[in-house]
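See structure below.
The values are calculated or read from the model by the stated rules, or taken from the named source; none is laboratory data. Only a predicted model underlies this, so the values are computations on that prediction, with no experimental measurement involved. Here the Cβ positions follow ideal geometry from the backbone for every residue, glycine too, while neighbour counts run over all protein chains shown.
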Amino acid sequence: MQHLIASATGLSDRVTETRTLSLYSKKTVLRAEQNVNDKLPLASNTPLKKQEESRLPDQARLFGNVQFIYELILAGLELRSLGAVFEMTDEFSSFRLLDVEDDERLKRQLAYFETVRGENTDYAYISRKNRTRSVNQYLTHWIYPYKGKFHPQLARAALNIIGLAPGDTVLDPFVGSGTTALEAQLLGVNCVGFDASPLCVLQSRVKTASHEVIDKIRERCAELPKGNAANTSLHEASSTMSANTDQRVADFFRLAQLVALSDSVRRRKDAAAALASKTELMVQSVADYDQIRKDLGLTLGRATIERGDARTLPVQDNSIDGIVTSPPYSIALDYIKNDAHALRALGLDTSEIREQFIGLRGPTKDRVRLYDDDIMRCLDEMMRVLKPNKYALIVIGNAVFGGTSLQSAELITKHAGEIGLHLTRSVDKTIFGLYNVMQREKVLIFKKDDEST
Ligand SMILES: C[S@@+](CC[C@H](N)C(=O)[O-])C[C@H]1O[C@@H](n2cnc3c(N)ncnc32)[C@H](O)[C@@H]1O
């Protein structure tokens with residue numbers, strides 16, 4: 001709760017204030033009134049028992065991990081976008097449904113809600129298929145420790161908020177670790193994803209395609225000797241793949257090696273032991289994906305992931321139904337340095353790749369200016385490929401450089417407006433991270449103007 005209070009007020013948690021968030025007008029009402037000194041119970045993470053739920057026939061109940069104001073706002077936005085009229089209940093743990101177009105659709109798609117009228121949402125089942133200790137790293141999301149990932153729940157909500165339906169196509173021009181691609185796939189939305197980094201392309205493909213070849217992956221694992229010898233053989237399994245090995249199987253074992261390598265570099269673990277344990281965990285997670293697909297009867301979206309440059313996308317004009325993405329936060333994170341060991345293991349020249357990375361290219365003194373030029377070119381591309389009247393949701397943070405906050409969010413908003421992507425919503429995602437270091441981020445939602453207007 002302290003996080004909620006802190007992010008709402010920007011002040012310490014001892015401030016007494018009644019806060020009213022009037023987020024929507026007229027038809028849809030989300031009014032969150034709260035004395036900020038109250039200790040409010042958070043929703044339990046376990047589904048409520050049937051008899052308790054039967055007392056809540058008109059409610060959509062939030063997950064227990066929903067704790068920030070921005071999450072409540074996004075929860076309200078996805079609910080509205082999926083055709084519900086609602087009001088917030090006093091405890092902040094659920095929304096009262098006043099009018100709903102399609103209950104089933106809510107259950108199938110919602111991201112921030114654990115139950116609808118007492119019944120689990122699909123996401124309640126999906127997010128429990130988790131082999132890690134981190135709440136949001138369910139199914140194959142955890143595979144590869146990539147810095148700067150989206151929160152999968154946010155990505156799922158984003159897809160709902162911008163009105164994407166099964167069969168539509170979403171673009172993520174900075175696909176990174178594949179969070180948007182995987183969440184789109186689960187919702188039946190096709191995803192076209194690009195990244196300048198071959199490592200990102202590999203991990204995004206493995207996360208979204210391995211379930212299609214789970215039997216072949218298992219077969220190959222079974223052929224490997226057990227015990228200590230397994231470590232060497234796994235290494236061999238990927239390095240000696242024959243030319244006719246299914247590319248998805250080869251990618252899986254290649255990534256397993258890189259996951260183990262990263263684990264041993266970052267945690268100073270024994271590489272061979274890491275390889276065996278990580279591969280096993282990866283197989284289990286892929287199997288979980290396949291199982292949940294069957295259990296929930298999901299029709300998965302198609303994920304197409306390619307290496308590419310967000311400044312010049314190989315995508316047709318006016319062909320994309322929505323964009324969900326997060327570009328590099330100016331020059332904040334050196335992605336190449338972070339993943340240098342893996343990129344080298346893939347046999348890549350890191351200095352060559354660096355020149356394609358926005359926020360990393362050029363001499364230090366020119367980097368911010370080059371980033372600003374590049375991000376505007378990326379927006380031009382998003383505008384070009386998006387269909388008229390469709391939405392682009394961009395998560396961006398203002399990095400600090402030399403003591404000053406770089407105004408990337410403001411630059412993006414200004415340039416977008418100039419080219420015909422007008423801002424329909426801006427949600428402040430300021431949160432407190434470890435050691436109370438504030439992270440300033442924004443969720444910006446743009447709509448492409450209809451050329452005829
Ligand atoms: C903030 S991360 C995206 C993280 C992603 N949303 C996720 O959940 O993993 C930004 C990504 O932009 C990529 N990138 C940098 N320059 C690029 C360019 N010119 N074209 C495409 N991708 C680029 C980086 O490799 C990085 O993966």
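One residue alone among Thr413, Thr364, Thr424, Thr430 is farther than 23 Å from Asn338 by Cα and modelled with pLDDT under 85, and that residue is Thr430.
Of the residues making up the range 171-189, those that are within 24 Å of Thr121 (Cα to Cα) and either within 12 Å of the ligand (Cβ to nearest atom) or in contact with a helix residue (DSSP H, G or I) (Cβ under 7 Å, 6 or more places away or on another chain) (or both) are Gly178, Thr179, Thr180, Ala181, Leu182, Glu183, Ala184, Gln185, Leu186, Leu187, Val189.
Take Ala165 and decide whether it is in contact with a strand residue (DSSP E or B) (Cβ under 7 Å, 6 or more places away or on another chain) and either under 30 Å from Gln257 (Cβ atoms) or surrounded by fewer than 24 Cβ atoms within 10 Å (Cβ to Cβ) (or both). So that I can check it myself, show each step before the final result.
Values: in contact with a strand residue (DSSP E or B) (Cβ under 7 Å, 6 or more places away or on another chain): no; either under 30 Å from Gln257 (Cβ atoms) or surrounded by fewer than 24 Cβ atoms within 10 Å (Cβ to Cβ) (or both): yes.
In short, no.
Collect the residues in the range 191-211 that are in contact with a Gly (Cβ under 9 Å, 6 or more places away or on another chain), of a type in the set (S, T, N, Q) and more than 10 Å from the ligand (Cβ to nearest atom), keeping them in residue-number order. Thr208, the sole residue that qualifies. Of everything listed in (1) assigned to a loop (DSSP other than H, G, I, E, B); (2) surrounded by 14 or more Cβ atoms within 10 Å (Cβ to Cβ), the single unmet condition for Ala287 is (1). For Gly163, the test of being away from the ligand (no atom under 14 Å from the Cβ), at positive phi and not charged (D, E, K, R) is passed.
So that you can scan it fast, the table gives a plain yes or no per residue for (1) assigned to a loop (DSSP other than H, G, I, E, B); (2) within 12 Å of the ligand (Cβ to nearest atom):
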site: Ile305; (1), (2): no, yes
site: Asn318; (1), (2): yes, no
site: Asp321; (1), (2): no, no
site: Val324; (1), (2): no, yes
site: Tyr329; (1), (2): yes, yes
site: Leu333; (1), (2): yes, yes
site: Ile336; (1), (2): no, yes
site: Arg344; (1), (2): no, no
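The residues listed here are Ala260, Ala250; of these, the one that is at pLDDT 80 or above, under 17 Å from His211 (Cβ atoms) and surrounded by 12 or more Cβ atoms within 10 Å (Cβ to Cβ) is Ala250. Beta carbons closer than 8 Å, at least 6 apart along the sequence or on distinct chains, pair a first residue in the range 372-389 that is β-branched (Val, Ile, Thr) with a second that is assigned to a helix (DSSP H, G or I) for Ile375/Ser408; Ile375/Leu411; Ile375/Ile412; Ile375/His415.
Only one entry of Gly297, Gly362 meets the criterion of being within 16 Å of the ligand (Cβ to nearest atom), without any contact (Cβ under 8 Å) to a residue 60 or more places away in the chain and more than 22 Å from Ala416 (Cβ to Cβ), and that entry is Gly362. In the set Asp321, Asp290, Asp334, only one residue is free of Cβ contacts under 8 Å to residues at least 60 places away in the same chain and among the acidic types (Asp, Glu); that residue is Asp334. The condition of being within 19 Å of Ala75 (Cβ to Cβ) and aliphatic (A, V, I, L, M) holds for only one of Ala165, Ala158, that being Ala158. Could you tell me whether the range 378-390 includes any residue that is closer than 30 Å to Ala260 by Cα and either within 10 Å of the ligand (Cβ to nearest atom) or buried (at least 21 other Cβ atoms within 10 Å of the Cβ) (or both)? No, every residue in the range 378-390 fails to be closer than 30 Å to Ala260 by Cα and either within 10 Å of the ligand (Cβ to nearest atom) or buried (at least 21 other Cβ atoms within 10 Å of the Cβ) (or both).
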